[in-house]
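Presented below is the structure to which this report refers.
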Amino acid sequence: MIFVLDVGNTNIVLGVYEGEKLKYHWRIGTDRTKTEDEFGMMVKQLFSYEGLTTKDIDGIIISSVVPPIMYALEKMCKKYFNITPMVIGPGIKTGLNIKYDNPKEVGADRIVNAVAAIDMYGGPLIIVDFGTATTYCYINEEKQYMGGAIAPGIGISTEALYNRASKLPRIEIVKPNNIIGKNTVSAMQAGILYGYVGQVEGIVTRMKAQAVGNPKVIATGGLAPLIANESTMIDVVDPFLTLKGLQMIYTKNLE
Ligand SMILES: Nc1ncnc2c1ncn2[C@@H]1O[C@H](COP(=O)(O)OP(=O)(O)O)[C@@H](O)[C@H]1O
Ligand SMILES: CC(C)(COP(=O)(O)O)[C@@H](O)C(=O)NCCC(=O)O
Ligand SMILES: [K+]
């Protein structure tokens, strides 16, 4: 079995694949202060809850957009699994043709998502990832990664709102009963949810206007289901797109 880790700015999503099947998955906070031993104990506990041990794992692959956490994570892999992990970056084949000014600048999560989505859905594609940031990636009909857009994510935008406006509370991001809010909480929920739906529709419409063919729109990330429920523009929600891409890239790099 292989162990895959997707390190985002808010959460680390971990998975165990047996062949092409995702057998287990977990989500933990991206704590930049944790040591290799703390990560090791956390992983051991998650594993043991499922009856797994570190000895069941033959290989590890990590994608990260948080460089400061990598020292502890890589050390954890060596100490507790006795495995040097593959890390998405220089030296790892992805097969992706990247048309960014500087291809090295593209976030590893965006690359991994693109690899998985191209394999599963072909091109053209628009991938929307609702993470700390909301990213939009356009993949053309020739399966080239053309670039995209990066916007502040739903969670951090909501945080900015209550941090900067004294009378606005911290709220849960859920669908309100009405677009016309009758109290502060539901007015904020309406603004955030429908504001985001509008952003997605606005950006996707503009990207589609430039695209050749009709790109399929794939959504992933923590809050994807909530937004997808409110919009007909999202064709597929795939919460495990990044984990799938990691499994595929691992296999590609074994030969
Ligand atoms: N299952 C969930 N339910 C509700 N909110 C979530 C869930 N998972 C993540 N979030 C929220 O979505 C935002 C992005 O999370 P995530 O997709 O894990 O981001 P990243 O990949 O940047 O770490 C965060 O604000 C987080 O609090
Ligand atoms: C845009 C991101 C911050 C998204 O990260 P996330 O929301 O998943 O934590 C990340 O992909 C990143 O740091 N990218 C580098 C810049 C770029 O892709 O152009
Ligand atoms: K992510």
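Brief remarks follow.
- As a length-normalised measure over Cα pairs under 8 Å and 6 or more apart, the relative contact order of the chain settles at 18 percent.
- Residue-averaged [θ]222 nm for the chain, counting only DSSP H segments that reach four residues, each worth -39500 (n - 2.57): -11000 deg cm²/dmol
- Each Lys and Arg adds +1 at its Cβ and each Asp and Glu adds -1 at its Cβ; summed about the Cα centre, the chain shows a dipole of about 440 debye.
- log10 of Debye I(q)/I(0), alpha-carbon scatterers only, for the stretch 97-246 at 0.12, 0.15, 0.16 Å⁻¹: -0.52, -0.76, -0.84
- Computed from point charges on the beta carbon alone (+1 for Lys and Arg, -1 for Asp and Glu), the dipole magnitude for the stretch 97-246 about its Cα centre is near 400 Debye.
- Label-point separation in nm, Asn214 to Thr84, each point 7 Å along Cα→Cβ: 4.9
- For the stretch 1-140, the relative contact order is 21 percent, taking Cα pairs closer than 8 Å that sit 6 or more residues apart in sequence and dividing their mean separation by the residue count.
- DSSP-assigned coil residues among GluC sites (Glu not before Pro) in the stretch 108-166, each with at most 12 further Cβ atoms within 10 Å: Glu142
- Virtual spin-label span in nm between Val185 and Met120, 7 Å along Cα→Cβ: 3.4
- Spin-label model, Asp235 to His25: label points 7 Å out along the Cα-to-beta-carbon direction sit 2.0 nm apart.
- Ranked list, fewest to most other Cβ atoms within 10 Å of each Cβ, for Thr232, Thr242, Thr251: Thr232, Thr251, Thr242
- Pairs from the table (Lys21/Lys104; Lys21/Lys55; Lys23/Lys244; Lys55/Lys75; Lys44/Lys79) lying more than 21 angstrom apart at Cα are Lys21/Lys104.
- Whole-Hz couplings from phi, Karplus 6.51/-1.76/1.60, listed for the stretch 42-51; x for Gly and Pro: 5, 5, 4, 5, 4, 4, 5, 4, 9, x
- FRET efficiency, Lys99 to Ile156 (Cβ-Cβ, R0 35 Å, nearest 0.05): 0.80
- Taken over the stretch 2-87, the convex hull of the Cα atoms encloses 82 Å³ per residue.
- Length-normalised contact order of the stretch 118-176 in % [C-alpha pairs under 8 Å, at least 6 apart]: 24
Just so you know, all these numbers are worked out from the coordinates, no wet-lab data involved. Model, not experiment: these values are computed from the prediction. So basically every Cβ, Gly included, is an ideal-geometry build from the backbone, and we count neighbours across all protein chains shown.
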